[in-house]
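Colleague: Let me begin by handing over the structure; questions about it come next.
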Amino acid sequence: MSMFASVRKERGSVGRRFHTWHLVTLFALLLAHRAAAQAPGLGGSVELVDPKVFRVCADPHNLPFSDEQGQGFENKLAELFARKLDESTSYTYFPQVIGFVRNTLNALRCDVIMGTAVGDSMVQTTNPYYRTTYALVFKPDSGLDGVDTLGDPRLKDKRIGIVAGTPPATILAADGLMTAAKPYPLTVDTRSTSSPRMMTDDIAAGRIDAGVLWGPMAGYYAQHTTPHLTVVPLLKDGGHMDFRIAMGVRRTDQDWKRRLNRLIAQNQPEIDKILTDYGVPLLDEQGQLKPQ
């Protein structure tokens with residue numbers, strides 16, 4: 001046998017050995033995947049780093065949504081879901097600014113973002129678990145009782161607080177209300193300050209006449225201001241003022257998404273109760289207020 005024939009024979013033998021090893025490895029992986037998918041309690045999901053822990057990505061200083069003491073309604077919703085799954089909860093806290101998804105969910109440090117707008121391009125979203133809208137906030141008996149739209153003439157000479165860059169700002173400008181408006185920053189260091197807190201304090205002190213806030217913030221801070229403030233959901237102004245809120249998961253986590261969807265469908269009354277307790281104005285599928 002020539003040297004070249006010997007080399008060809010040896011290469012063929014190595015190739016067959018590699019091919020056989022490759023098939024064995026693939027078969028072993030397939031069996032492992034099937035066994036994990038059939039394991040009790042996993043719901044067919046092999047996507048989670050720890051399938052026995054409800055691992056949440058959250059902001060540590062972002063009431064009424066979440067905080068490190070577990071006082072936000074997203075903390076309460078996470079605890080509800082964990083109980084239904086008979087799991088414990090764990091948190092990866094990170095400020096909800098640029099890089100939040102990259103440093104939490106996509107870094108595999110946690111498995112779900114509790115509050116994400118449907119259609120968010122950064123994550124895959126579940127079915128929505130609530131729908132809400134922006135709201136007008138003012139002191140009772142301030143002459144604004146009955147106002148339910150930013151186009152109401154009674155607002156023409158009022159100083160209105162608005163968080164810069166939010167959808168209501170466009171409507172305020174169209175209605176000629178921006179000249180006297182007081183802007184509040186969209187992005188702040190939540191460890192030391194809060195735009196909704198500053199706005200509601202200004203309303204209570206009479207420094208501004210009214211304010212426009214995202215529904216969950218309006219309801220929560222109105223309850224935590226003395227005296228309590230009136231919250232009027234803005235259902236007549238259009239301009240994409242209401243949004244459906246879901247949970248965010250990784251784009252690859254299809255089984256996990258389906259599992260969360262089932263939890264939402266099975267526990268909607270309890271979800272609504274938690275949200276209502278925090279003052280969140282809830283809308284039904286027709287865009288009308290749900291009974292409180």
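The values are calculated or read from the model by the stated rules, or taken from the named source; none is laboratory data. Remember, it's a predicted structure, so these values are computed and weren't measured experimentally. Virtual Cβ from ideal backbone geometry, glycine too; neighbours counted across all protein chains shown. The area values use the complete protein model at the heavy-atom level, side chains included, leaving out ligands, DNA and RNA. Shrake-Rupley method; radii C 1.70, N 1.55, O 1.52, S 1.80 Å.
Colleague: If you go through segment 218-228 one residue at a time, do you hit one that is hydrophobic (A, V, I, L, M, F, W, C), open to solvent by 10 Å² or more (accessible area, probe 1.4 Å) and under 18 Å from residue 292 (Cβ atoms)?
Modeller: Start the filter on segment 218-228 by keeping residues that are hydrophobic (A, V, I, L, M, F, W, C), which leaves 218, 222.
Retained after the next criterion (residues that are open to solvent by 10 Å² or more (accessible area, probe 1.4 Å)): none.
The answer is no; no qualifying residue exists.
Colleague: Please note which strands (runs of 3 or more DSSP E) are completely contained in segment 87-155 and include at least 2 residues that are under 30 Å from residue 225 (Cα atoms) and among the aromatic types (Phe, Trp, Tyr).
Modeller: Working: elements: 88-93, 112-117, 130-138.
The strands (runs of 3 or more DSSP E) meeting that bar are 88-93, 130-138.
Colleague: Now, a different point. For residues in segment 102-130 being among the charged types (D, E, K, R) and in contact (Cβ under 8 Å) with a residue 12 or more places away in the chain, which is least open to solvent (accessible area, probe 1.4 Å)? Spell out how you get there, then give the answer.
Modeller: Quick first cut of segment 102-130, residues among the charged types (D, E, K, R) only: 102, 109, 111, 120.
With the extra rule that they be in contact (Cβ under 8 Å) with a residue 12 or more places away in the chain, the set shrinks to 109, 111, 120.
Values: 109: 114, 111: 1, 120: 60 Å².
So, considering only residues that are among the charged types (D, E, K, R) and in contact (Cβ under 8 Å) with a residue 12 or more places away in the chain, the one least open to solvent (accessible area, probe 1.4 Å) is 111.
Colleague: Within segment 135-158, how many residues turn out to be of a type outside the set (Val, Ile, Thr) and surrounded by fewer than 17 Cβ atoms within 10 Å (Cβ to Cβ)?
Modeller: Of segment 135-158, the ones of a type outside the set (Val, Ile, Thr) are 135-136, 138-146, 148, 150-158.
Narrowing the set further to residues that are surrounded by fewer than 17 Cβ atoms within 10 Å (Cβ to Cβ) leaves 140-143, 145-146, 148, 151-154, 156-157.
Count: 13.
Colleague: Sort out which residues of segment 159-184 are open to solvent by less than 50 Å² (accessible area, probe 1.4 Å), part of a helix (DSSP H, G or I) and free of Cβ contacts under 8 Å to residues at least 24 places away in the same chain, and write them in order of number.
Modeller: The initial filter retains those residues of segment 159-184 that are open to solvent by less than 50 Å² (accessible area, probe 1.4 Å), namely 160-164, 166-169, 171-172, 175, 177, 180-181, 184.
Cutting the leftovers down to part of a helix (DSSP H, G or I) gives us 167-169, 171-172.
The one that is open to solvent by less than 50 Å² (accessible area, probe 1.4 Å), part of a helix (DSSP H, G or I) and free of Cβ contacts under 8 Å to residues at least 24 places away in the same chain: 169.
Colleague: If I filter segment 185-204 down to residues being among the acidic types (Asp, Glu) and at pLDDT 90 or above, which single residue comes out as most open to solvent (accessible area, probe 1.4 Å)?
Modeller: Taking segment 185-204 as the starting set, the residues that turn out to be among the acidic types (Asp, Glu) are 189, 201-202.
From what is left, the residues that are at pLDDT 90 or above are 201-202.
Values: 201: 65, 202: 14 Å².
Applying the filter and picking the extreme gives 201.
Colleague: Of a type in the set (S, T, N, Q), touching a residue at least 12 places away in the same chain (Cβ under 8 Å), farther than 19 Å from residue 125 by Cα and not in a strand (DSSP E or B): does that describe residue 190? Steps first, answer last, please.
Modeller: Details: of a type in the set (S, T, N, Q): yes; touching a residue at least 12 places away in the same chain (Cβ under 8 Å): yes; farther than 19 Å from residue 125 by Cα: yes; not in a strand (DSSP E or B): yes.
So residue 190 passes the test.
Colleague: Can you find a residue that is of a type in the set (A, V, I, L, M), at pLDDT 95 or above, under 24 Å from residue 218 (Cα atoms) and out of contact with any Asp or Glu (no Cβ under 9 Å at 6 or more places or on another chain) anywhere in segment 78-95?
Modeller: yes
Colleague: Tell me, which residue of segment 70-101 that is of a type in the set (D, E, K, R) and buried (at least 17 other Cβ atoms within 10 Å of the Cβ) is farthest from residue 191 (Cα to Cα)?
Modeller: Residue satisfying both the conditions and the ranking: 76.
Colleague: Sort out which residues of segment 237-260 are open to solvent by less than 30 Å² (accessible area, probe 1.4 Å), in contact with a strand residue (DSSP E or B) (Cβ under 8 Å, 6 or more places away or on another chain) and not acidic (Asp, Glu), and write them in order of number.
Modeller: If the condition is that a residue be open to solvent by less than 30 Å² (accessible area, probe 1.4 Å), in contact with a strand residue (DSSP E or B) (Cβ under 8 Å, 6 or more places away or on another chain) and not acidic (Asp, Glu), then 241, 245, 246, 247, 248, 249, 250, 256, 260 are the ones that fit.
Colleague: What pairs can you find where one residue is in segment 78-101 and in contact (Cβ under 8 Å) with a residue 12 or more places away in the chain, the other is assigned to a strand (DSSP E or B) and among the basic types (Lys, Arg), and their Cβ atoms are less than 6 Å apart, with a gap of 6+ or different chains?
Modeller: Within 6 Å, the pairs are 90/55.
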